Amino acid sequence: MEPLTKEIIIKGIRNQDKTILKAIYYTYFPVVKKIVQDNMGSEEDAKDVFQEAIIIIYRRIKEGNLEIHTSFKTYIYSICRFMWKKELAVSKENIDNLTVFLEYENLPDVNIDEYKKHKQYKLYQKHFRKLEKGCRKTLKMFLKNKSLQEIAEKLDLSYDYIRIKKRRCKEQLIRYIKEDSEYNRWK
């Protein structure tokens with residue numbers, strides 16, 4: 001396998017290439033695992049943070065706004081460091097023990113809005129999966145900019161039924177999200 005250049009990594013993440021994703025994991029995860037474990041986290045915490053960082057990078061690639069001005073190692077490390085630091089701050093557990101982070105303060109970071117957006121998206125996904133299959137299907141098509149008429153035709157249902165169903169499904173999703181204890185934290 002070729003050495004992991006930034007270009008190969010970005011292409012691999014964009015294409016969800018399992019070989020490249022495994023190589024990224026084996027190459028860069030140990031550093032993330034160490035920083036998380038050195039700061040009151042477990043290996044599972046490190047895996048979660050690493051996976052979320054890959055998702056953030058994937059979204060940036062898809063949105064066309066990924067700019068890496070450092071090595072990929074530094075870039076993914078700084079995202080993971082930021083996310084773990086925020087997790088510790090949010091949970092307010094042993095916040096005084098964050099001294100290991102101080103020497104890295106000048107590394108590139110994700111901003112707080114991106115972190116918040118990621119958490120909101122995870123909250124949305126969690127509750128979207130709770131919806132019944134018909135609601136998920138209807139809302140997915142609507143989110144793909146299909147008109148209510150197109151959705152009705154595709155599902156072989158009436159326009160009025162789809163209009164009402166979409167509204168009810170959306171209201172149910174909003175209710176699920178607002179009832180979640182995480183909602184106030186990330187709204």
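The values are calculated or read from the model by the stated rules, or taken from the named source; none is laboratory data. Everything quoted here is computed from the prediction, not taken from an experiment. We place every Cβ from the backbone using ideal geometry, glycine too, and count neighbours over all the protein chains shown.
Quick look at the numbers
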{"read-out": "Only listed residue being surrounded by 16 or more Cβ atoms within 10 Å (Cβ to Cβ), among the hydrophobic types (A, V, I, L, M, F, W, C) and touching a residue at least 24 places away in the same chain (Cβ under 8 Å), chosen from Ile54, Ile20, Ile8", "value": "Ile54"}
{"read-out": "Considering residues of the range 19-61 that are farther than 14 Å from Trp84 by Cβ and among the basic types (Lys, Arg) only, the residue farthest from the chain's Cα centre (by Cα)", "value": "Lys22"}
{"read-out": "Residue ranges of helices (runs of 4 or more DSSP H) in the range 1-85 with at least 3 members in contact with a strand residue (DSSP E or B) (Cβ under 6 Å, 6 or more places away or on another chain), modelled with pLDDT under 90 and over 18 Å from Lys122 (Cα atoms)", "value": "none"}
{"read-out": "Entirely in the range 95-187, the helices (runs of 4 or more DSSP H) that have 3 or more residues that are at pLDDT 85 or above and farther than 30 Å from Asp38 by Cα", "value": "133-143, 148-155, 159-179"}
{"read-out": "Flag for Ile13 being more than 17 Å from the chain's Cα centre (by Cα), of a type in the set (A, V, I, L, M, F, W, C) and either surrounded by 18 or more Cβ atoms within 10 Å (Cβ to Cβ) or closer than 17 Å to Thr74 by Cα (or both)", "value": "no"}
